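Below is one structure, written out as structure tokens; comments come after it.
The values are calculated or read from the model by the stated rules, or taken from the named source; none is laboratory data. Please read these numbers as outputs of a predicted model, since none were measured by experiment. We place every Cβ from the backbone using ideal geometry, glycine too, and count neighbours over all the protein chains shown.
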Amino acid sequence: MAQRTAVVTGATGQDGSYLSELLLDKGYDVHGMVRRTSQAALGRNLISHLIGNPNFHIISGDLADQGSIENVIKEVEPDEFYNLGAQSFVPESWRSPTHTSDITGLGALRCLEAIRIHRPECKFYQAGSSEQFGKVVETPQDENTPFYPRSPYGCAKVFAHYITKNYRESYDLHASTGILFNHESPRRGIEFVTRKVTLSAARISSGIQASMEIGNVEAKRDWGYAGDYVEMMWKMTQRETPDDYVISTGETYSVKDMIDLAFGRAGMELTWSGEGIGTIATDQDGNVRVKTNPRFFRPAEVDILVGNSEKASRELGWTPKTDFKELIFMMVDNDMEIVRTAIKHGVNPPAPLH
Ligand code: NAP
Ligand code: G4F
């Protein structure tokens, strides 16, 4: 079989880096579509280890720019196209709603248009989100659960979902959406809650930070490991028939549960008191280690997410391999190592943003 070629948008992100590795392992020629402005964003470089691999290429393109995506398609002539690029941080979507709608929503349409015009045989994967379920109307959520997005980000993903389905039905494109529930890893951006917590736990246990400020600790999420989830993206494009699939673990935990696990791993047993914006947690020595700050609460919250991925289990052979505890321990251990190494070399360890 001839070597297959894939384009990955969002290649510099968490999922894009894992998916690029997976496709390279499978023998693909991989083209990571990268926007000009991202070159050295905050020192986060998740794909430096892939540069130099003869089958990995960086190609310039921006989801805001139709022409650039068409050029990518014409130049690469891909067999598969994975649209993982997005403005993916929910709070930022209230601060930049039109930008988020443009990149996260219209960006998907631009990719579909480019494929429809120049490469209709190319298979397309859209990175959908459990944020589409938002203020959930049933629990657990599956492919038939109605959407009720709660943020400009969620609205943009709902648009991307339906436009993908419409291009599938209107033009017979092989276009699928994976409705992925939260998935994390040591490569997670430091603005997302799991990484903010694991990095803070590492910094506090090393004595370089006193406490962590946080938002709503009662919110519940269905958290999985990103390294497990990217394989399902590939499996969707390998199906004879394109379709939409929920990918989730089926278990839900609160932010508070996650903080307890992470801080416990870093040697701090927390006791919680107060509620809402008055919530605090102290360690075994009576030090306040966690306090809430209204700045981290959202204009509208998604209170609980938990997925039912029976369809993916049946049709794609999906079983999550990494459980919640293993995931959080993996992230804390990684951040402890990062903090230790930085201190040893006399440089400032990374600090959580937002
Ligand atoms: P991430 O780490 O935030 O990565 C987002 C990627 O999008 C980055 O590579 C970023 O590039 C790129 N991007 C942003 N604006 C762009 C633009 N204008 N043109 C081209 N690329 C652009 O996100 P992730 O966690 O890997 O998530 C991957 C996808 O899955 C996203 O679409 C996200 O919305 C979706 N999703 C994620 C989860 C999750 O829990 N992780 C769950 C459901 C859905 P820069 O380096 O230039 O910023
Ligand atoms: O980690 P988060 O910022 O992720 P969120 O909003 O669930 O979105 C992530 O998962 C989606 C899939 O469902 C993706 F589509 C999306 O791209 C992204 O990857 O927040 C998780 C929860 C929220 O309920 C938030 O209110 O944690 C709560 N939280 C409490 N304190 C906080 C904080 N979140 C952040 N980021 N920072 C806090 O200080």
Looking at (1) in contact (Cβ under 8 Å) with a residue 60 or more places away in the chain; (2) within 13 Å of ligand 2 (Cβ to nearest atom); (3) of a type outside the set (D, E), which one does V72 not meet, given that it meets all the others? (2)
If you take just the strands (runs of 3 or more DSSP E) that sit entirely in the stretch 1-81, which of them hold at least 2 residues that are in the same structural domain as I103 (by TED's automatic domain parsing) and out of contact with any helix residue (DSSP H, G or I) (no Cβ under 7 Å at 6 or more places or on another chain)? 29-34, 56-60
Residue under question is R44, and the condition is that it be within 20 Å of the chain's Cα centre (by Cα), modelled with pLDDT under 95, surrounded by fewer than 18 Cβ atoms within 10 Å (Cβ to Cβ) and within 16 Å of ligand 2 (Cβ to nearest atom); does it hold? yes
Contacts under 6 angstrom Cβ, first residue in the stretch 193-206 being over 15 Å from N182 (Cα atoms), partner polar (S, T, N, Q) and outside any helix (DSSP H, G or I), 6 or more apart: R203/Q209
Checked against (1) away from ligand 1 (no atom under 11 Å from the Cβ); (2) part of a helix (DSSP H, G or I), P120 satisfies every condition except (2)
With criteria (1) surrounded by fewer than 20 Cβ atoms within 10 Å (Cβ to Cβ); (2) in contact (Cβ under 8 Å) with a residue 60 or more places away in the chain; (3) among the charged types (D, E, K, R); (4) in a helix (DSSP H, G or I), E251 comes up short on (4)
Restricted to the stretch 82-95 and to residues being part of a helix (DSSP H, G or I) and of a type in the set (A, V, I, L, M, F, W, C), the residue surrounded by the most Cβ atoms within 10 Å (Cβ to Cβ) is V90
Of (1) away from ligand 1 (no atom under 11 Å from the Cβ); (2) under 30 Å from G346 (Cα atoms), E143 fails just (2)
Taking the stretch 207-219 on its own, how many of its residues are in contact with an Asp or Glu (Cβ under 8 Å, 6 or more places away or on another chain) and either without any contact (Cβ under 8 Å) to a residue 12 or more places away in the chain or more than 8 Å from ligand 2 (Cβ to nearest atom) (or both)? 1
Would you call T145 free of Cβ contacts under 8 Å to residues at least 40 places away in the same chain and either assigned to a helix (DSSP H, G or I) or out of contact with any Pro (no Cβ under 7 Å at 6 or more places or on another chain) (or both)? yes
